[in-house]
Amino acid sequence: MKKKISVLIGFFITIMVFRYVPHLPNFTPVLAITFYGTIIFGRNCLVYMILAYALSDLFIGFHNQLFWTWGSLFLIGYISPLFKGLSGRSVGVVVSSLVFFILTNLGVFLSGYYGYTFDSLIICYTLAIPFYTNTIISTIMFSVFIEFFVFSKFFNFIPISKNKIN
């Protein structure tokens, strides 16, 4: 139980720190932590994950895309326990990055920044591709880190969860 709480606190602090530390656009552990957080702790921890984003946004500043960013993070956390086993989690990490890309850029499009035509929708998603590249690379990288340190038998730390982790 102590190890689980330590990991949860570590996730919370990491989310907060990486929101403030200078980094490449969209190159953060946020999606990986959200994805693995609910696998390790169950869906109830989504409240704490969103709270970490909310607290950091309180200091960074709120923006008109909060519904889309927090909503996509909630959806990622909600669906992540459906991905079982190492191969399932690997697919889930890629799906999570894609969900974040699709939903947050839909929010950008619906804000009217590029207009409301089909061409503006294509422009919106096309201009977001470099950000998606950073998102997918960072999410995979941090997921490998989490898999290695949290699920690795080498470190003798396999969290006890409500659902058996395969």
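The values are calculated or read from the model by the stated rules, or taken from the named source; none is laboratory data. Predicted model only: the values in this text are computed from it and were never measured. Here Cβ is always computed from backbone atoms with ideal geometry, including for glycine, and neighbour counts include all displayed protein chains.
Report whether or not residue 51 is part of a loop (DSSP other than H, G, I, E, B) and either closer than 25 Å to residue 102 by Cα or in contact with a Cys (Cβ under 7 Å, 6 or more places away or on another chain) (or both). Talk me through it step by step, then tell me what you get.
Details: part of a loop (DSSP other than H, G, I, E, B): no; either closer than 25 Å to residue 102 by Cα or in contact with a Cys (Cβ under 7 Å, 6 or more places away or on another chain) (or both): yes.
Considered against the rule, which asks whether it is part of a loop (DSSP other than H, G, I, E, B) and either closer than 25 Å to residue 102 by Cα or in contact with a Cys (Cβ under 7 Å, 6 or more places away or on another chain) (or both), residue 51 comes out as no.
Collect the residues in the range 83-99 that are of a type in the set (A, V, I, L, M, F, W, C), buried (at least 16 other Cβ atoms within 10 Å of the Cβ) and at pLDDT below 95, keeping them in residue-number order.
Correct list: 83 only.
Criterion first (under 25 Å from residue 109 (Cα atoms), within 11 Å of the chain's Cα centre (by Cα) and in contact (Cβ under 8 Å) with a residue 24 or more places away in the chain) does residue 74 satisfy it? Spell out the reasoning first.
Working: under 25 Å from residue 109 (Cα atoms): yes; within 11 Å of the chain's Cα centre (by Cα): yes; in contact (Cβ under 8 Å) with a residue 24 or more places away in the chain: yes.
Against the criterion (under 25 Å from residue 109 (Cα atoms), within 11 Å of the chain's Cα centre (by Cα) and in contact (Cβ under 8 Å) with a residue 24 or more places away in the chain), residue 74 qualifies.
Cβ-Cβ under 7 Å, sequence separation 6+ or interchain: first residue in the range 11-23 and over 17 Å from residue 35 (Cβ atoms), partner surrounded by 12 or more Cβ atoms within 10 Å (Cβ to Cβ) and hydrophobic (A, V, I, L, M, F, W, C). Which pairs?
Qualifying pairs under 7 Å: 16/52; 16/55.
Just to check your reading of the model, which residue among 122, 102, 79 is of a type in the set (Val, Ile, Thr), assigned to a helix (DSSP H, G or I) and farther than 22 Å from residue 142 by Cα?
Numbers: 102 fails: farther than 22 Å from residue 142 by Cα; 79 fails: farther than 22 Å from residue 142 by Cα.
Criteria check complete, one pass: 122.
Residue-by-condition table, conditions (1) touching a Ser or Thr at 6+ places or on another chain (Cβ under 8 Å); (2) within 28 Å of residue 39 (Cα to Cα); (3) modelled with pLDDT of 95 or more:
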{"site": "113", "(1), (2), (3)": "no, no, no"}
{"site": "118", "(1), (2), (3)": "no, no, yes"}
{"site": "122", "(1), (2), (3)": "no, no, yes"}
{"site": "125", "(1), (2), (3)": "no, no, yes"}
{"site": "130", "(1), (2), (3)": "no, no, no"}
{"site": "134", "(1), (2), (3)": "no, yes, no"}
{"site": "145", "(1), (2), (3)": "no, yes, no"}
{"site": "149", "(1), (2), (3)": "no, yes, no"}
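Restricting to the range 59-76, count the residues that are surrounded by 14 or more Cβ atoms within 10 Å (Cβ to Cβ), assigned to a helix (DSSP H, G or I) and not aliphatic (A, V, I, L, M). Steps first, please.
Of the residues in the range 59-76, the ones surrounded by 14 or more Cβ atoms within 10 Å (Cβ to Cβ) are 65, 68-76.
After this cut, where a residue has to be assigned to a helix (DSSP H, G or I) as well, the list is 68-76.
With not aliphatic (A, V, I, L, M) added as a condition, the list becomes 68-72, 74.
Matching residues across the range 59-76 total 6.
Out of curiosity, is residue 64 at pLDDT below 85 and more than 18 Å from residue 139 (Cβ to Cβ)?
On the way: at pLDDT below 85: yes; more than 18 Å from residue 139 (Cβ to Cβ): yes.
Here the answer is yes, as residue 64 does meet what is asked.
Of all residues in the range 16-39, count the ones that are closer than 13 Å to residue 143 by Cα and in a helix (DSSP H, G or I). Don't jump to the end; show me each part of the working.
Taking the range 16-39 as the starting set, the residues that turn out to be closer than 13 Å to residue 143 by Cα are 27-37, 39.
Of the ones still in play, those that are also in a helix (DSSP H, G or I) are 30-37, 39.
So the count comes out to 9.
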